[in-house]
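Report on the structure given below.
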């Protein structure tokens, strides 16, 4: 029972986070909300995770949840990688623009 309460509090924290993030990143907020609410459901009714796992051909409900966790984690890592790459491209573009502006300013008479 203690584990259910602790996990529920943590998952409710994720729900609050998802609610706050939803305006800035609707896809991330919705997916986080969905994952947290699904987690709450399976924390309080773990037999359904086992039934769903058996339906999917997986032995235990815990294994199914871990597989979903790995997939979600990999998707988040991909998302972060793509965002960082975009930021690096923007920084490169900005640095080029600043360098060209400096070169033009130094070249022009005045």
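Here are a few things to note about the model shown:
- Pick from segment 1-43, criterion part of a loop (DSSP other than H, G, I, E, B) and modelled with pLDDT of 90 or more, ranking: surrounded by the most Cβ atoms within 10 Å (Cβ to Cβ): 22
- Filter result (part of a helix (DSSP H, G or I) and loosely packed, with under 11 Cβ neighbours inside 10 Å) within segment 57-82: 70, 71, 73, 74, 77, 78, 80, 81, 82
The values are calculated or read from the model by the stated rules, or taken from the named source; none is laboratory data. From a predicted model like this one, the values you see are computed outputs, not experimental measurements. With ideal geometry, Cβ positions are generated from the backbone for all residues, glycine too; neighbour counts draw on all protein chains shown.
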